[in-house]
Amino acid sequence: MTINLLNYDSKGLVDFCTGIGEKPFRARQLLRWIHQNSTADFNAMSDLAKSLREKLADQAVIELPQIISDYVATDGTRKWLLAVGAGNGIETVYIPEANRGTLCVSSQVGCALACTFCSTGKQGFNRNLTVAEIVGQLWIANKTLRSDVSDTSIQANRAVTNVVMMGMGEPLANFENVVTALDLMLDDHAYGLSRRRVTVSTSGLVPAIDRLRERCPVALAISLHAPNDALRDQLVPINKKYPIKELLAACQRYLLAAPRDFITFEYVMLAGVNDSIAHARELIALVQDTPCKFNLIPFNSFPGSGFKRSTAETVRVFRDVLMQAGLVTTVRKTRGDDIAAACGQLAGQVKDKTRRTAGVSVEAVQ
Ligand code: SAH
Ligand code: SF4
């Protein structure tokens with residue numbers, strides 16, 4: 001099987017280079033060509049000897065997911081649908097803002113965790129993405145954004161400055177591949193992003209949160225969505241396995257190593273379900289010992305979801321109650337509505353969803 005160099009972080013590339021009889025420093029050159037210069041062609045790697053380029057071309061490839069579609073929304077949000085083989089597709093979303101460009105990256109084809117309000121969860125689970133497929137999303141976004149001179153939006157010619165693992169899938173259920181991809185995002189010879197600008201969002205896989213703390217502590221967002229176990233059990237079924245108390249304890253441990261001194265709690269606002277003043281008060285009591293910020297996400301609807309978005313007024317009141325208790329709270333702007341690129345709307349193409357019930361990913365991380 002041909003080796004895809006996009007699957008390797010720095011250490012992997014050093015091993016690869018020594019394995020083919022080359023000096024370890026070649027790995028650094030390769031990292032720079034592949035990730036900083038978005039080069040997928042060995043021939044273009046001008047500071048490598050021709051003989052080495054030939055050897056590489058012989059033994060390895062730099063293979064990216066294929067772009068199936070590329071939509072730009074009226075607000076500048078951009079969404080790529082990428083083919084990852086066997087009829088499966090994943091989605092990646094770029095969100096330009098005045099002072100940064102955030103890429104929302106997928107980690108799995110579908111998701112096994114089946115949160116009831118999430119379109120990806122409703123799709124079922126097919127498989128984990130490889131490192132090449134995860135980091136390939138960043139590669140493709142940078143390459144396209146830099147080369148697109150027709151797009152005059154503020155960020156058009158800038159690279160991605162922030163990554164959020166908030167696309168399709170549960171990143172911590174694909175632990176090893178996600179951590180290797182994170183290593184590349186942070187590596188100065190690859191994407192050079194700071195830990196504070198890379199965020200992993202999780203529905204709460206407690207043992208994997210601890211492992212992330214040890215292996216690669218980046219900014220952490222927790223999909224909380226409910227102030228008590230009875231409600232969270234219904235919305236985020238993995239809560240039955242890792243209830244809120246254990247989750248908050250893991251957050252406290254994470255903070256000891258985290259690049260930021262707070263945890264972000266995401267809270268999707270579902271009309272009549274979790275959006276009352278009483279819920280807000282319960283939340284305040286719940287997180288009183290956890291340094292945190294809240295990010296309220298207006299629910300993004302999808303066909304057959306069965307939920308409704310809370311009104312803007314309800315969201316405002318909920319936010320004010322949290323703020324009055326001293327909790328920093330933002331309301332996520334809904335971006336890319338017209339191209340179904342908002343949180344929870346990423347559906348991709350998930351074939352063979354039969355593995356949904358296999359529980360694969362959840363067990364695999366322990
Ligand atoms: N699996 C991870 C990351 C992907 S989802 C997680 O659950 O955290 C990214 C965020 O979007 C999560 O907070 C998720 O709960 C939220 N989300 C899912 N479906 C949504 C929807 N329909 N509307 C708004 N947010 C949603
Ligand atoms: Fe999976 Fe996250 Fe969607 Fe839950 S919210 S089903 S964990 S992608």
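Scanning the range 186-202 for residues that are of a type in the set (A, V, I, L, M) and under 14 Å from Met166 (Cβ atoms) returns Val198, Val200.
Scanning the range 37-51 for residues that are crowded, with 18+ Cβ neighbours inside 10 Å and more than 21 Å from Ala159 (Cβ to Cβ) returns Phe42, Leu48.
Screening the range 199-304 for helices (runs of 4 or more DSSP H) wholly inside it with 2 or more residues that are away from ligand 2 (no atom under 14 Å from the Cβ) and surrounded by 22 or more Cβ atoms within 10 Å (Cβ to Cβ) returns the ranges 244-255, 277-286.
Annotation: of all residues in the range 272-310 being small (Gly, Ala, Ser) and within 12 Å of ligand 1 (Cβ to nearest atom), the one that is nearest to Thr334 (Cα to Cα) is Ser301. Checking each residue in the range 249-283 for being in contact with a Phe, Trp or Tyr (Cβ under 9 Å, 6 or more places away or on another chain) and among the polar types (S, T, N, Q) picks out Thr264, Asn274, Ser276. Out of everything in the range 164-184 that is more than 8 Å from ligand 1 (Cβ to nearest atom) and not hydrophobic (A, V, I, L, M, F, W, C), what residue ends up being surrounded by the fewest Cβ atoms within 10 Å (Cβ to Cβ)? So the residue we want is Glu176.
Of all residues in the range 47-66 being within 21 Å of the chain's Cα centre (by Cα) and in a loop (DSSP other than H, G, I, E, B), which is farthest from Leu6 (Cα to Cα)? So, considering only residues that are within 21 Å of the chain's Cα centre (by Cα) and in a loop (DSSP other than H, G, I, E, B), the one farthest from Leu6 (Cα to Cα) is Pro65.
Filter the range 305-330 down to the residues that are in contact with a strand residue (DSSP E or B) (Cβ under 8 Å, 6 or more places away or on another chain), closer than 21 Å to Gly167 by Cβ and surrounded by 16 or more Cβ atoms within 10 Å (Cβ to Cβ) and list them by number. If the condition is that a residue be in contact with a strand residue (DSSP E or B) (Cβ under 8 Å, 6 or more places away or on another chain), closer than 21 Å to Gly167 by Cβ and surrounded by 16 or more Cβ atoms within 10 Å (Cβ to Cβ), then Phe307, Arg309 are the ones that fit. Scanning the range 62-72 finds no residues that are closer than 27 Å to Arg196 by Cβ, touching a Ser or Thr at 6+ places or on another chain (Cβ under 8 Å) and either among the aliphatic types (A, V, I, L, M) or modelled with pLDDT under 90 (or both).
The set of residues in the range 83-136 that are more than 13 Å from ligand 1 (Cβ to nearest atom) and either at positive phi or among the charged types (D, E, K, R) (or both) comprises Gly85, Ala86, Gly87, Glu97, Arg100, Gly124, Arg127, Glu133.
What about Glu91, is it crowded, with 19+ Cβ neighbours inside 10 Å and of a type in the set (Asp, Glu)? Yes: the conditions hold for Glu91. Of the residues screened, Ser69 is one that is in a strand (DSSP E or B) and under 27 Å from Thr144 (Cα atoms).
Whether any residue in the range 89-103 is part of a loop (DSSP other than H, G, I, E, B) and modelled with pLDDT of 95 or more is what I want to check. Taking every residue of the range 89-103 in turn, none turns out to be part of a loop (DSSP other than H, G, I, E, B) and modelled with pLDDT of 95 or more. Restricting attention to the range 204-221, the residues that are under 12 Å from the mean Cα position of the chain (by Cα) and over 15 Å from Pro259 (Cα atoms) add up to 0. Scoring Ala226 on the criteria (1) within 14 Å of ligand 1 (Cβ to nearest atom); (2) under 19 Å from Arg260 (Cα atoms); (3) hydrophobic (A, V, I, L, M, F, W, C) leaves a single failure, condition (2). Taking the range 111-150, which residues are aliphatic (A, V, I, L, M) and within 16 Å of ligand 2 (Cβ to nearest atom)? Answer for the range 111-150, where residues must be aliphatic (A, V, I, L, M) and within 16 Å of ligand 2 (Cβ to nearest atom): Ala112, Leu113, Ala114, Leu129, Ile134. The C-beta contact set for the range 299-328 (first residue touching a residue at least 24 places away in the same chain (Cβ under 8 Å) and in the same structural domain as Ser119 (by TED's automatic domain parsing), second residue of a type in the set (Lys, Arg) and crowded, with 18+ Cβ neighbours inside 10 Å, distance under 6 angstrom, 6+ apart or interchain) comprises Phe299/Arg309.
The values are calculated or read from the model by the stated rules, or taken from the named source; none is laboratory data. Bear in mind that the values here come from a model prediction, so they are computed numbers and not experimental data. Cβ coordinates were reconstructed from backbone atoms using ideal geometry, including for glycine residues, and neighbour counts include every protein chain displayed.
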